[in-house]
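The values are calculated or read from the model by the stated rules, or taken from the named source; none is laboratory data. Being a predicted model, the structure only gives us computed values, none of them experimental. Virtual Cβ from ideal backbone geometry, glycine too; neighbours counted across all protein chains shown. For accessibility, only protein heavy atoms count, side chains too; no ligands or nucleic acids. Shrake-Rupley method; radii C 1.70, N 1.55, O 1.52, S 1.80 Å.
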Amino acid sequence: MYCIETKNLSHSFSPNATVLNNINLKVPHGSLYGFLGPNGAGKTTTLRLLLGLLKKQQGEIFITGKNLQQNRIKILKEVGSMIESPSLYGHLTANENLRLLQKIYGCPQSRINEVLTITGILNTGQKKVNQFSLGMKQRLAIAVALLNNPSLLILDEPTNGLDPYGILEIRALLKKLNEEHAVTIVVSSHLLTEIEKLVTHVGIINKGAMLFQDTLKALTEMQLTSAKTNLKCNAPEKALEIIQLFNHSSTVLNDRIILPALSPLSIAQLNKHLVQQNIEVYEISTLENDLETIFMELINKN
Amino acid sequence: MTVFLNSLVSEWIKKSRSFADWLVWLGAFFVPIVNTIIFLVYPNQILKLHQESDFWNAIFYRSWETMSIMLLPMGIVLAVSLITQIEFKNNCWKQLHTLPISFSSIYFSKFIVLLVMLVQLIVLFNIGIIFSCIIPAVFNSNIPFPSLKLPWQWLLLENGKFFIVSIPLLSLQYLHSLQFKNFLIPIGAGLALVIGGLIALSWKYVFLLPFSYNSLFFFQTLGKRSPEHNILLWSLAYFVLFTLVGYILYLFKKEKG
């Protein structure tokens, strides 16, 4: 059973503009799930559907095994969320913002100071939220999301507006919540580099379609298989014959021979044979695609 | 029930220190302050009222005149729009709709807060009326202090009637303020209706226009308009109708933040 599971979730804002097309999201319990995609890919629409902010048109949504439509209130008791920009009452203080939500969640009043401490904004006193910097607002919005001690956190670009130190702090906080308190976390972002150090699972969406969904490890393995070794020499055709003796598949591109990524030992052996056959080797190098390139390739293929 | 009460408390905290909150205090004391100044500068005006057979009746209707015809309807339009605008302006509908409470609790707790604010305004206004009679007497020895034997029952009844004729406008304003993110649309529409209601006062079918009930009822009470139509009943009927229509429209909104 997944913590979040959608079945053929589709949505359109007008008859000719499908925003989501058969999305089958599978977020395992206890995972830290990075939901990635460029701007306008359908991330926020998916998250808004998961929270019941948009009326579901097609498909099914299950959260902790329960159907969202039939168990909305029961599910929301266990969910903390932050969608797009922070939702805070500017004319009230941080404490008042949390107090009005604490009344509804029915959690102890001491929880207010706990979440303010966790997010590092305990000492804002009587300062109104209108006077907060964007970073402080973002922290308070995360404090709001944590107030009810949720077992599932849904955060849409939570590090927007934070300084580098703030980003590191929030990352560490999310990791801690996930590892020590077994909170399942879904974090959306349009930058893989921003969350690759954080997440255990990745879902990549573009133009309303799910392009990839698996563990981060699986994405990293994809990265390794997509790495290439480049060879430049004075006689590419002769070199190709030798390479075939080693059972390596290869292609020639702009006077360079492109091979699957070779180990250092294989590179040394190949180089030795080429030199023995009087081929002048100018360069052998291995190019590893970073995760961002894989992400971009997946998106561009779509 | 506890959930609903908590939602009500939450809405009450939310409106504290908002402009709508200040508007209640400003609206309630505006006419009494103006009257106090007039009575201090022109003592004859309050002395005339003291010569009336029923002083409290005279001062009450003098104060309600400006209040019911102009200030209260406009205040309702502004305050209701400002309360719903708190969610739009702060981008908070989405936060509110992801809380573990029913949409009905959200709709009705906000609505009840607005009704309580109206009661608050009427109570403060009456306190203001009393002080507008006492303060001039403190500063001018020629002005007598009013009898403190206030006709409580009568005051309660008359204020209750003004409350009832105000709630159709409140519910109508609540209905359309929930539909528009742009603050100017509900404010503009509300003010246009109130002014339209004033213009239509001489129309024979004005009793069909709920946004003119404050002034229509006031003139009926003074005997300046025929009481052939029971405005109080019409008000209650419109109130129920607008509340239900508003609730259904809110419930079936496709996007909730």
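What the table below lists for this structure:
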| read-out | value |
| --- | --- |
| Qualifying residue in the range A:152-160 (condition: of a type in the set (Val, Ile, Thr), in contact with a Ser or Thr (Cβ under 8 Å, 6 or more places away or on another chain), surrounded by 19 or more Cβ atoms within 10 Å (Cβ to Cβ) and assigned to a strand (DSSP E or B)) | yes |
| Those residues of the range A:194-203 which are β-branched (Val, Ile, Thr) and surrounded by fewer than 19 Cβ atoms within 10 Å (Cβ to Cβ), in sequence order | A:Thr200 |
| Any hit, the range B:130-144, residues being within 17 Å of B:Asn57 (Cβ to Cβ) and surrounded by fewer than 20 Cβ atoms within 10 Å (Cβ to Cβ) | yes |
| The listed residue being free of Cβ contacts under 8 Å to residues at least 60 places away in the same chain and either in contact with a strand residue (DSSP E or B) (Cβ under 8 Å, 6 or more places away or on another chain) or closer than 20 Å to B:Ile83 by Cβ (or both), out of B:Gly188, B:Gly223 | B:Gly188 |
| Hits in the range A:46-77 (condition: more than 8 Å from every other protein chain (Cβ to nearest Cβ), surrounded by fewer than 17 Cβ atoms within 10 Å (Cβ to Cβ) and part of a loop (DSSP other than H, G, I, E, B)) | A:Lys56, A:Gln57, A:Gly65, A:Gln69, A:Gln70, A:Asn71 |
| Residue that is surrounded by 17 or more Cβ atoms within 10 Å (Cβ to Cβ) and over 30 Å from A:Leu92 (Cα atoms), where the choices are B:Ile46, B:Ile76 | B:Ile46 |
| Residue satisfying all of: in the range A:91-143; within 14 Å of chain B (Cβ to nearest Cβ) and of a type in the set (Val, Ile, Thr); farthest from A:Asp163 (Cα to Cα) among these | A:Ile104 |
| Residue match in the range B:183-191 (condition: in a loop (DSSP other than H, G, I, E, B) and within 19 Å of B:Met117 (Cβ to Cβ)) | yes |
| Of all residues making up the range A:47-60, the number that are closer than 21 Å to A:Glu157 by Cβ and either within 21 Å of the chain's Cα centre (by Cα) or of a type in the set (S, T, N, Q) (or both) | 5 |
| Residue count for the range A:171-193, restricted to those that are surrounded by 18 or more Cβ atoms within 10 Å (Cβ to Cβ) and in contact with a strand residue (DSSP E or B) (Cβ under 9 Å, 6 or more places away or on another chain) | 11 |
| The range A:204-253: number of residues that are touching a residue at least 60 places away in the same chain (Cβ under 8 Å) and either open to solvent by less than 20 Å² (accessible area, probe 1.4 Å) or not in a strand (DSSP E or B) (or both) | 13 |
| Residue satisfying all of: in the range A:91-115; part of a helix (DSSP H, G or I), of a type outside the set (A, V, I, L, M) and touching a residue at least 12 places away in the same chain (Cβ under 8 Å); surrounded by the most Cβ atoms within 10 Å (Cβ to Cβ) among these | A:Asn97 |
| Tally of residues being over 35 Å from the mean Cα position of the chain (by Cα) and among the basic types (Lys, Arg) across the range A:255-302 | 2 |
| Candidates B:Phe162, B:Phe131, B:Phe108, B:Phe125 - the one that is more than 19 Å from the chain's Cα centre (by Cα), modelled with pLDDT of 95 or more, part of a helix (DSSP H, G or I) and aromatic (Phe, Trp, Tyr) | B:Phe131 |
| Residue within the range B:23-33 that is of a type in the set (Phe, Trp, Tyr) and within 30 Å of A:Leu49 (Cα to Cα) present | no |
| Number of positions in the range A:16-45 that are of a type in the set (Ser, Thr, Tyr), at pLDDT 95 or above and in a strand (DSSP E or B) | 1 |
| Which numbered condition A:Leu262 fails, given (1) modelled with pLDDT under 90; (2) out of contact with any Ser or Thr (no Cβ under 6 Å at 6 or more places or on another chain) | (2) |
| Residues located in the range A:78-90, provided they are crowded, with 19+ Cβ neighbours inside 10 Å and at the interface with chain B (Cβ under 8 Å from one of its Cβ atoms) | A:Val79, A:Ser81, A:Ile83, A:Pro86, A:Ser87, A:Leu88, A:Tyr89 |
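Yes/no per residue for (1) under 24 Å from A:Lys175 (Cα atoms); (2) aliphatic (A, V, I, L, M); (3) not assigned by TED's automatic domain parsing to the domain that holds A:Ile142:
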site	(1), (2), (3)
A:Met1	yes, yes, yes
A:Ser14	no, no, yes
A:His29	yes, no, yes
A:Leu53	no, yes, yes
